[in-house]
Structures are given as C-alpha cells and as structure tokens.
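Where a number appears in this text, it was derived from the coordinates with a stated rule and is not lab data. Note that the structure is a prediction, hence the values are computed from the model and not measured. So basically every Cβ, Gly included, is an ideal-geometry build from the backbone, and we count neighbours across all protein chains shown.
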Amino acid sequence: MSLQDLKRQIQSVNNTAKMTQALQTISAVKLQRARERLDRVRPYTDNIDEMMRDIANRAQSDTPLLGGRDELNNVAICTVTSDRGLAGGFNAHVLRRTMELRQEQDANIVQVVTGRKAREFFKFSKVPVEEAFIGFSDSPTYEKAREIGRHLTQLFEDEEADEVYLVYNRFKNALVQQPTAVRLLPVAQEETDEENGENEEENGSNIPLEFIPGPEELLDRLVPKYVETLIFRALVESAAGEHGARMSAMKSASDSANEMSEELTMKMNKMRQAAITAEIIEIASAAEALGG
C-alpha cells in the first residue's frame, strides 16, 4: 500500500468517526428527553396496571377480557422495534425473544409489528405479518398507542386472537435494554401466596367489588384503556432504549474509528521514515562514490 492510499484511507476513517460522533451526540440529546418522558409515564402506567390486576383478582365477572376463553386457538403477538438501525443488538434481542415466544405457543400465531426493522425481519423470514405500524419509533405518541391498542383489542373481541402478547425492550439504562414479553389480554391476574391472601383478608381487600355501572359495561371501557396505556409505555420504553443503544453503538464505532486512524497514521509515519532513511542512504552512497 502506497502513502497516497494510506492518506485516503485515514481520511475516510476520520470522516466516519466524525459521522458516528455526531450521531452519538444526537442520540444522547434524544435519550435525555426520552428518559424524562419515561419518568413521567411510568408512575401512571404502574398505577393503571396495579388497578387492573387487582380488579382481575377480585371481580366476579365471566367476561373473556378477564377470565379468558376455554380454548386457545390463536395467539396475537405484537413486537415493538425501531424504524432505524445503527443501534447494536437492540432490535435483534427483542426479535429473538419474539421467536422464542412464538415457539412456546401451541396455537396459530397472529403477528403484529411496530417499526420497520420488525417488518423487514419477518418479511425476510417469510413470516406473515397481520398488521405493521411504522414511522414513529423515534418519538411515539399516545394516539399511535391508541391505534395499536384498538387493533389488538379488536382482534381479541372478534375472536381472531384468544390471547394477546406484547414484546418490547424494557429500558434499564443506556447500556441495558431488557427484552420483555407481557400478556395484555386477557388481563393477567396477580399470583399471591397464602400469606398475602391472609393479609388481604385481614385488610378486607377480598370483599367483592361493586361495579357502577355493571361489571361488563365498566370493564369494556377500562380494559381497552388499560391496553392502550401499557402499549404507550412500551413504545416510550422502546424509544428510550433505542436512543441509548444507538448512543452506545456510535460511541463504540467512534472509538474503533479513532483507534484505526491512529494505527494507520503510525503505519504511514513509519513508511515515511523508511522512505526518508532510504533516500539518505542513497545520497550518502552517492556522495561516497563521487568522493572516492
């Protein structure tokens, strides 16, 4: 490799480093905003989740939204990914968890996705996708969560799905996103041990709830709202995880590019030094020959 080739390669690597550093900075800013948003969303969704699970435990209702159906023929799985790449293993992890969940089911799978990466993955894998929601993973809105929630709830109500699962990356920190699968419908009941049951009885929390209006009408209103809320949280969690994963991936890419640039620069300097040394030897040899 000539010096000119090395110069071109170093310039190319430096340009790549500038691009990845810019993406790292942008992702860091977006991550900060997403984390602030997530901190506001989590307390509300935790309360909604706790309330609905409590109702599922204590309500005397035969509605399939709570108790489920006798036969499990179809299972809907909604996978949340990003629209863009350059985020390390962010999408690969949640897609792997989805495939594991699919294999665990002894039923027909109805696959729903959000994000272009999931749509591309299942298209490449020749897995039919019932519906794809794309173009908002960077900054999701509650309106999109409502749209997805209504679609999933409609699948359940139309008996096209007997269970509905949501698979997404739960945000831990910028370096860790945990692939998570939760059952949206029917509403999962909380498992309590004997001691917890005794405490609930002492506190009077096992007293049957009185629904006004009736339980069927009230739950028909509450459950879709519950589904929308959990989906919105999953979208916000996924957005924060996407920015964190991309920031980490771009930092690693920048560090690798800078390291490669240093190695190439050192190699170029050695080649220059070798060339200068060779020229000095030639001049000295020529001077010695002329002097002799």
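Seen against the Cα atoms of the chain and their longest principal axis, helix 215-291 is set at about 10 degrees. Between helix 90-104 and the chain there is an angle of about 40 degrees, using the helix long axis and the longest principal axis of the Cα atoms.
Once the Cβ-Cβ distance of Ala284 and Ser12 is raised to the sixth power relative to R0 = 30 Å, the FRET efficiency obtained is 0.20. Counting only the backbone N, which residues of the range 247-279 are under 19 Å from the spot 7 Å out from the Cα of Leu3 toward its beta-carbon? Flagged as within label range: 262-279. Packing-based ranking of 266-279, 244-257, 101-114 yields 244-257, 101-114, 266-279, ordered from highest to lowest mean Cβ neighbour count within 10 Å. Which loop trypsin sites (Lys or Arg not before Pro) in the range 36-97, with loop taken from DSSP, have no more than 16 other Cβ atoms within 10 angstrom of their Cβ? Counting only loop positions with at most 16 other Cβ atoms within 10 Å, the trypsin sites (Lys or Arg not before Pro) in the range 36-97 are Arg69, Arg84.
Descending by average beta-carbon neighbour count within 10 Å, the peptides 12-18, 229-235 line up as 229-235, 12-18, the highest first.
How long are the semi-axes of the equivalent ellipsoid of the chain, defined as square roots of 5 times the Cα gyration tensor eigenvalues? Whole Å, largest first.
Each semi-axis is the square root of five times an eigenvalue, giving 60, 20, 15 Å.
Between Arg37 and Glu259, the contour length at 0.36 nm per residue exceeds the Cα-Cα span by 76.4 nm. Cα to Cα, under 19 Å, and not fewer than 8 places away if on the same chain: which lysines meet these conditions relative to Lys225? Partners found: Lys144.
Grab the beta carbon distance between Asn108 and Val29, set R0 = 45 Å, and tell me the FRET efficiency rounded to 0.05.
Using R0 = 45 Å, I get an efficiency of 0.55.
Are any of the pairs Lys7/Lys270; Lys172/Lys251; Lys7/Lys267; Lys30/Lys123; Lys30/Lys117; Lys18/Lys172 more than 22 Å apart by Cα-Cα distance, and if so, which? Too far apart for the 22 Å limit: Lys30/Lys123; Lys18/Lys172. The long axis of helix 194-203 is offset from the longest Cα principal axis of the chain by roughly 60 degrees.
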